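Report on the following structure.
The values are calculated or read from the model by the stated rules, or taken from the named source; none is laboratory data. Nothing here was measured: the structure is a model prediction, and the numbers come from that model. FYI the Cβ positions are ideal-geometry reconstructions off the backbone, even for glycines, and counts take in every protein chain you see. These accessible areas exclude ligands, DNA and RNA; they are computed on the full protein's heavy atoms, side chains included. Shrake-Rupley method; radii C 1.70, N 1.55, O 1.52, S 1.80 Å.
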Amino acid sequence: MGLIAAVAVACGRAPDRPRAPVVGPSPLVGKAVLGVGDPALRAILADQLELRLAWAPMLATTLGDHRFDDQLGHAGPDAIAAQERAQDALFARVTAIDPATLDARDRVTWGLLRDEMAGARAERTCRYEQWNVDAANASLFGGFSYIVEAHVVHGVRDADNLLARMRQVPGAIEDAIANYRLGVAAGRFATREKLRRAIEQLDTELARPVEAWSMANPAWAAPPAAGDDWPAGERARHVQALRAIVATQIKPAVQKLRAFFHDELLPHGRGEQEGLASLPGGDACYRASILAQISLAKTPEELHALGLAEIARTDREIAALGKTALGTSDLATTITRLRDDKRLYFTSRDELLAAAQKQLDLAKAAIPRFFAVLPRTDCVLRETPAYEAPYSTLGYYREPHLDGSKPGEYFVNTYKPQTRARYELAALSAHESIPGHHLQIALSQEMGDQPLFRRMSGSTAFIEGWALYTERLADEMGLYTNDLDRLGRLSYDAWRGARLVVDTGLHAMGWTRKQAEDFMRAHTALTETNIVNEVDRYIGWPGQALAYKMGQLEILKLRGEAEAKLGARFDLRQFHAAVLGAGAVTLPVLDERVRAWIAAQ
């Protein structure tokens, strides 16, 4: 997810009560220009920060800028158009700078900023806000629930601001509907299956009493912690006020959203071919998404062929290890055994959570031997929320708040624990927590000498490629205790190779959902529940699934070159420091950095 601070940002309208105008620059402006020497580049970064935080007030809150704590922001058609005009003006200032006039450090920052903005501008052709509907997507029910979780409350003032925000959720839903209606006019529709899942999710929540909704039960509804500021009776009053807003304002708006999906979108939902190829402008959108996700101008055909080559390799390795670990005879029997032998699966929610906690603890103990620099911020285990779990993936990571008010969070999906394989958990934990996402993202946030945008965002191929690289590294670290764990890692590697095949198949080659699911059944040990949810995810997030394998292969290639050239002088801890030391850079920049490190040794 990714850095995934975009959850529940920029959705809503201005507050419904008077408030003092925002005065002065962001308290984060010093961090925005940290380490940047060029005056023009410093000014651009400061202005970019203000533009981004005003557009995404929830993001501002999580970063420790509390000027917009009572706002959600605008995200309707007019607001999006105004935001894009402002971004275009900012991009013109970026491209007006001659990189030859910058020192080496500023030149890297300038290049990363230019590429990030260019990728975002290119992806506008997709107009995701006009058609993309997803039960696991933050623009729906889960995003509004997450507002209550992400907005940390310590007392009356924090709670007042949160209540003001939640009163704006109906406006956010109106904005979303307005965007979807533009999509209707342009012939852009979500798929029938995406709409069916979203409607099912909303129906499930609407059938429950509001008092049971996650957004009506914030952590601060419990007795206050030491240091919280709650005068007598105020906490209970604010909890009741929040629940009244949910019952009288948000629930009717959610009912309206559900009716809109069912009555106006579902009859036109796309059927057999659910990828971008079946949308107006789908080819241009997919190519823009590829560039934005992997920072390389690869064609869908090139990526598809690479995926098939990776699958051929993992097919051989899974079959070979299956013979020793399970006594199976070939790939098909190994996959069948992994998928169908119930002894290889968890039996309860508690067992699954305990095993995940054990893996997290093992990783925390092992990382000092493999990394020269460790994050200060902790990573904690969380359970995927119930409203999201049936539609969500096996696990995911949510980054810390930059101001330290929340740690990094490793979420594990306990829905139907009997469908969650024991042999996959070690690889999943390595990827989503330590040494994967948490170690990389927390270290990136804690870089004290980099401008803020490099600490809070970055290349998807780097972020996901690093996490996939660590699944293999975890074996070196002793986090896999048997060959079944290693089979799980191989199945996960096959899963990411299959993503190259399936994502390009769906979005460029006219594959159906069934074709994609069948391919994953044949080449990975993922369970049926996971395959269905994964393919659904690729349909709703074009190109993102390509980043994992592309980033992993680049890091593995660079490590191989370093080991070959340095021989006995190769230091794995220092190699990792070179890879992670500049944040989530693009793959071309990573290549330059590591080659320079090799030469310096």
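Assorted remarks:
- Reduced Cα scattering model of the stretch 321-467, Debye log10 I(q)/I(0), q = 0.11, 0.12 Å⁻¹: -0.50, -0.58
- The lysines within cross-link reach of K251, meaning a Cα-to-Cα straight distance under 26 Å and a gap of 8 or more places when in the same chain, are K194.
- Rounded if a/c under 1.5, otherwise prolate or oblate - the chain, Cα gyration tensor axes: rounded
- Convex hull projection area averaged over all views, the stretch 225-353, Cα basis, nm²: 17.2
- Accessible area of K416 in the full protein assembly, 1.4 Å probe (Å², nearest 10): 90
- Beta bridges assigned by DSSP with both partners in the chain are antiparallel in approximately 40 percent of cases.
- Pairs of Cα atoms nearer than 8 Å and 6+ residues apart set the relative contact order; for the stretch 450-601 it is 38 percent.
- Reach of K342 by Cα under 21 Å, taken over lysines that are not fewer than 8 positions away in the same chain: K323, K416
- Cut-off under 5 Å, modelled amide H: who pairs with V380 long-range: G408, E409, Y410
- In this structure H268 has an accessible area near 100 Å², from a 1.4 Å probe over the protein heavy atoms.
- Relative contact order of the stretch 123-247, defined on C-alpha pairs under 8 angstrom at six or more residues apart (%): 41
- ³J(HN,Hα) computed for each position of the stretch 152-167 - Karplus, 6.51 cos²θ - 1.76 cosθ + 1.60, integer Hz, glycine/proline x: 5, 10, 10, x, 4, 4, 4, 5, 4, 5, 5, 4, 4, 4, 5, 5
- Derived scalar couplings ³J(HN,Hα) [the stretch 192-202; Karplus, 6.51 cos²θ - 1.76 cosθ + 1.60; whole Hz; x for Gly, Pro]: 4, 5, 4, 5, 4, 5, 5, 5, 4, 4, 5
- Taking D518, D485 and ordering them by how much accessible surface each has at a 1.4 Å probe, largest first, produces D518, D485.
- For S329, solvent-accessible area (1.4 Å; no DNA, RNA or ligand), Å²: 80
- Most to least accessible of K256, K565 (protein chains only, probe 1.4 Å): K565, K256
- Whole-number percent relative contact order across the stretch 50-166, with pairs defined as alpha carbons under 8 Å at least 6 apart: 32
- For the stretch 366-464, trypsin sites (Lys or Arg not before Pro) meeting the loop criterion (DSSP other than H, G, I, E, B) and having at most 16 other Cβ atoms within 10 Å: R376.
- Distant-in-sequence amide contacts of G64, defined by a placed amide H-H separation under 5 Å and a gap of 5 or more residues or a different chain, comprise D403.
- Using θ = phi - 60° and Karplus 6.51 cos²θ - 1.76 cosθ + 1.60, couplings along the stretch 276-282 (whole Hz; Gly, Pro as x): 4, 4, 9, 10, x, x, x
- Under 27 Å from the Cα of K565 - lysines, other chains or at least 8 residues apart: K549, K557
- Debye intensity ratio in log₁₀ form over the Cα atoms of the stretch 41-93, taken at each q of 0.20, 0.24, 0.27, 0.29 Å⁻¹: -0.74, -0.95, -1.05, -1.09
- Averaging the Cα positions of each part gives two centres, and for the stretch 423-464 and the stretch 223-299 these lie 24 Å apart.
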